[in-house]
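Data first, discussion second: the structure below is written as structure tokens.
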Amino acid sequence: MKKSVKRVLVSMTAVAAVIAVGLATTTIVNVVATDAEQERIEPYGQLVEVDGRHMNVAISGKGDETIVLLPGFGTASPALDFAPLVDDLSADHRVVVVEPFGYGLSDGTDRERTTANIVSEVHEALDELDIDRYVLMGHSIAGVYGIELARRYPDEVEAFVGIDSSVPGQPRTDTAFPIGLLGAAKNLGLIRLVATSATGYEEDVYSEEVREQLVMLSNRNSLSATYLDEMSHIRTNFADALGTGFAPTLPLLLFVVEHNEEVPEWRELHEKQAAGVDDGTVIALDGSHYLHHTQSPRIAEEFRAWEAARSAEVG
């Protein structure tokens with residue numbers, strides 16, 4: 001064998017050995033760190049038994065009106081994520097943040113993450129808490145789940161408020177994600193290497209303690225088996241939602257990002273959705289997809305004005 005070939009083989013073997021040692025190290029570190037973080041995660045909310053498992057629900061405030069908040073896909077901790085908005089709205093409303101299975105402090109599940117299953121589980125949690133009349137407020141993919149929830153339980157959902165919520169037929173929903181590869185990266189501890197900070201959570205809105213909790217909950221929940229199963233169903237859940245919408249009699253208030261460079265027709269899609277009901281309003285705000293991170297005061301203000309206008313019309 002030529003010396004040059006032998007050198008290449010030796011180099012490749014050395015590189016492979018380094019990679020193997022590195023992956024073994026990240027795997028061990030991930031297991032140890034996950035166990036340690038589990039003890040440092042601070043409990044909040046209350047656990048409700050759903051389908052033989054525990055779902056976490058955080059309830060704040062008192063008022064004649066109840067708001068049920070549903071998170072966008074993959075939110076590590078819905079209760080902490082929505083905290084700025086909850087703090088404002090709970091001054092005069094009862095605000096209920098539901099953490100579906102695989103989110104926040106809720107258990108995981110091996111039940112398929114179809115829209116139908118997710119909706120039935122959320123409703124079971126609300127039913128256990130005797131919550132049977134509420135304004136449904138949801139971020140991102142909760143727009144799709146919200147349609148199904150309102151369709152199944154029309155006597156419970158009084159209105160829907162979307163926070164840059166998903167719309168049936170929106171573009172780029174047919175992506176096939178590399179589920180197996182992502183799961184392997186999670187188990188090998190590679191995700192932890194890139195999830196060392198609470199990216200997207202502004203320091204002037206979220207305290208250092210909350211941001212630390214968000215990082216630990218992200219390490220726990222991101223790319224878990226439940227998370228990956230829901231990710232694998234995104235394409236089919238959107239496909240099943242095609243042609244569906246909210247009932248014409250259900251009031252809609254839709255907050256959307258003012259400028260969505262990835263989807264230029266984003267506002268138009270929501271205006272079309274709002275036009276499909278008797279009482280539909282679209283309000284565009286500056287900010288990112290997670291509008292409630294920076295625009296909670298404006299969202300709460302506009303919601304109260306909209307709510308007051310509805311009450312005046314009814315009265």
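The values are calculated or read from the model by the stated rules, or taken from the named source; none is laboratory data. Because the structure is a prediction, the values reported are computed rather than measured. Ideal geometry is used to build each Cβ from the backbone, glycine not excepted, and the neighbour counts take in all protein chains shown.
Quick notes on this structure:
- Single match in HIS289, HIS233, HIS270 (criterion: buried (at least 21 other Cβ atoms within 10 Å of the Cβ) and not aromatic (Phe, Trp, Tyr)): HIS270
- Only residues that are among the charged types (D, E, K, R) and part of a strand (DSSP E or B) were counted in segment 89-127, giving 2.
- Candidates are the residues of segment 176-202 that are modelled with pLDDT of 80 or more and either outside any loop (DSSP other than H, G, I, E, B) or not aromatic (Phe, Trp, Tyr) (or both); the one that is surrounded by the most Cβ atoms within 10 Å (Cβ to Cβ) is ILE179.
- Contact map, segment 274-286: residues that are of a type in the set (Ser, Thr, Tyr) paired with residues that are in a strand (DSSP E or B) and crowded, with 17+ Cβ neighbours inside 10 Å, Cβ distance under 6 Å, separation 6+ or inter-chain. Pairs shown: THR281/LEU253.
- Under the condition of being over 18 Å from the mean Cα position of the chain (by Cα) and at negative phi, the residues counted in segment 43-53 number 7.
- Candidates VAL161, VAL157, VAL119 - the one that is within 30 Å of VAL263 (Cα to Cα), touching a helix residue (DSSP H, G or I) at 6+ places or on another chain (Cβ under 7 Å) and free of Cβ contacts under 8 Å to residues at least 40 places away in the same chain: VAL119
- VAL263 meets the stated requirement of being assigned to a loop (DSSP other than H, G, I, E, B) and aliphatic (A, V, I, L, M).
- Of the residues making up segment 237-252, just one is free of Cβ contacts under 8 Å to residues at least 40 places away in the same chain and β-branched (Val, Ile, Thr), namely THR249.
- Yes/no for GLN38 being surrounded by fewer than 16 Cβ atoms within 10 Å (Cβ to Cβ) and at pLDDT 95 or above: no
- Condition met for THR249 (among the hydroxyl-bearing types (Ser, Thr, Tyr) and either touching a Pro at 6+ places or on another chain (Cβ under 8 Å) or at pLDDT below 95 (or both)): no
- Taking every residue in segment 61-84 that is within 19 Å of SER311 (Cβ to Cβ) and pairing it with any residue that is small (Gly, Ala, Ser), at least 6 positions away or on another chain, the pairs with Cβ-Cβ distances below 6 Å are GLY61/SER90.
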